[in-house]
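Working notes, structure below.
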Amino acid sequence: MILRRNRAMATTIFNLLALIYLFRGLQIARQIFSGRREWQGGSFTQYEKRMAEQASFYLAVPVGVFFHELAHAVSIWLFGGGVAEFGYRVFWGFVRPTADSIFTPQQDWFIALAGTIGSLAFGFILWFVLSRNPLPALRYFGLRAFRYQIFFSLVYYPVFTLIGFYGDWRIIYNDFRFDTTPILSALTLVVHVALLGWFFYASRIGWFEMPTFSTLAEREQMRALESKAAANPQDTKLQLQLIDMYRQHGEKNKARSHLQAFLKENPRSAEGYLQSAALKNQDKRQVPKGASEDAAKALSLGLTNPAGIAYANQLQGEYSLGVGRLDQAIAFFDQGIEALGSAERPALIAQLYYNRALAYRRKGQYALARDDIELAIELARSSGQGQAMSHYQAELATIERQDTQSKGLSSSDRFRQG
């Protein structure tokens, strides 16, 4: 009774999740359809990449679930059984044989495995067909859909079954005892582990990634750099340019894989450690400790590029700011600003002034904070950085508000003392 009640509760939860999943899937489909004219193939923007990624999850996974359950049903029919119920719930499902369907243990093993084969076959065929499509968004959609099918089939569902839920993998591995179909289950395990090894390796080297680009000419330049770097593996400057290109165009795993190989060959490369710091900091709201440490190592190894020195100090300053070491942060920002000098890097120097203004504000040194943020605003204005300028103006308003509040509190204190 308790087991039946728990299953009923799990089914209710899964059905509610399926409704949420379906709602989000319809939203994604509507967004893609309404902006379909913009997907012309001349570019592959961050927005297109994000939408293709979401479509591969919210639109392709439900189709994969259908083929997963269909493969179960077909295998039941192949062995002379009948299907009493075919349950499809968008992101989960089930197939229930008729009561008079009797199978051998080997047939049960195959029926259970057929769902995984159906999911993987769907993902592979979708990737293979779309990999030749001229639209990069569709190629990326197929690639990521294939990745999701592998992940759900070989990682998520087995773990889900292992932690106590009933599913295909309990039958495939005989409740993880390997006693009913020992040879078939053992062979499955060998193939399962091999595929997992390939999957994690492919993910680590960036096989499931694609770069963003604004024009076809830019994409051709990227391919030319890849070819040139491959032809000149000892050219450290080219290798670093390639790593930086991968990082800036959204291929982080590929950049990380190349960088690891580069640092193994060039363990004292200051620019290599600066790239490592940039990679560790990418898409993070706060600079991680590892990024700050790599920036410090880059400086200790002798960075010579003023912009690189400034960026390394910026990373260390932002980390110090995040952990409350305000004086240390200001010192790093000072060094970054000094390194740039008159170099034409208005965006970077504006960011340094902004960060130093944050540190001054938190120390209650509002006059110094105001001076720095006004310099940052002027640099953003002169270089056409509208979004950054708005951000800096918001910080100026915060500085002025807190300065006014602090003066008001000081006046109140003097009044009480008088």
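The values are calculated or read from the model by the stated rules, or taken from the named source; none is laboratory data. Fair warning: this is a prediction, and the values are worked out from it, not measured in the lab. Every residue, glycine as well, gets a Cβ built from its backbone with ideal geometry; the counts of neighbours run over all protein chains shown.
Some observations on this one:
- Residues of the stretch 171-208 satisfying the condition of being surrounded by 17 or more Cβ atoms within 10 Å (Cβ to Cβ) and at pLDDT 90 or above: I171, I172, Y173, T181, L184, S185, T188, H192, F199, G206, F208
- Output for the stretch 371-386, where each listed residue is assigned to a helix (DSSP H, G or I) and surrounded by fewer than 18 Cβ atoms within 10 Å (Cβ to Cβ): D371, E374, E378, R381, S382, G386
- Count of the stretch 209-221 residues which are closer than 25 Å to F146 by Cβ and either in the same structural domain as W39 (by TED's automatic domain parsing) or not in a helix (DSSP H, G or I) (or both): 5
- For the stretch 268-292, a residue qualifies if it is modelled with pLDDT of 95 or more, exposed (fewer than 15 other Cβ atoms within 10 Å of the Cβ) and either of a type in the set (K, R) or not assigned by TED's automatic domain parsing to the domain that holds P306 (or both), and the qualifying residues are R268, K289.
- For the stretch 60-106, filtering for residues that are at pLDDT 90 or above, crowded, with 18+ Cβ neighbours inside 10 Å and not hydroxyl-bearing (S, T, Y) leaves 16.
- Taken as a whole, the stretch 291-300 holds no residue that is at negative phi, of a type in the set (D, E, K, R) and touching an Asp or Glu at 6+ places or on another chain (Cβ under 9 Å).
- Looking only at the stretch 278-312, residues that are β-branched (V, I, T) and part of a helix (DSSP H, G or I) come to 1 in all.
- The stretch 38-56 residues that are at pLDDT below 75, paired with ones that are part of a helix (DSSP H, G or I) and of a type in the set (G, A, S) (beta carbon under 7 Å, 6 or more apart): W39/A137
- Residue within the stretch 114-136 that is modelled with pLDDT under 95, touching a helix residue (DSSP H, G or I) at 6+ places or on another chain (Cβ under 6 Å) and among the aliphatic types (A, V, I, L, M) present: no
- The residues on offer are R139, R147, and the sole one that is out of contact with any Gly (no Cβ under 9 Å at 6 or more places or on another chain), touching a residue at least 24 places away in the same chain (Cβ under 8 Å) and not in a strand (DSSP E or B) is R139.
- In the set F333, F262, only one residue is farther than 23 Å from S390 by Cβ and of a type in the set (A, V, I, L, M, F, W, C); that residue is F262.
- Residue selected from the stretch 342-366 under the condition in contact (Cβ under 8 Å) with a residue 12 or more places away in the chain and farther than 22 Å from S320 by Cβ, by the criterion farthest from the chain's Cα centre (by Cα): A343
- Residues within the stretch 236-254 that are within 19 Å of E265 (Cβ to Cβ) and assigned to a loop (DSSP other than H, G, I, E, B), tallied: 0
- F44 touching a strand residue (DSSP E or B) at 6+ places or on another chain (Cβ under 7 Å) and under 28 Å from P211 (Cβ atoms): yes
- Residue list for the stretch 314-370, filter: in a loop (DSSP other than H, G, I, E, B) and polar (S, T, N, Q): S342, Q365
- Residue within the stretch 112-130 that is among the hydroxyl-bearing types (S, T, Y), touching a residue at least 40 places away in the same chain (Cβ under 8 Å) and outside any loop (DSSP other than H, G, I, E, B) present: yes
- Of the numbered criteria (1) free of Cβ contacts under 8 Å to residues at least 40 places away in the same chain; (2) at positive phi, the one R96 fails is (2).
- Flag for Y319 being under 32 Å from the mean Cα position of the chain (by Cα) and under 24 Å from G386 (Cβ atoms): no
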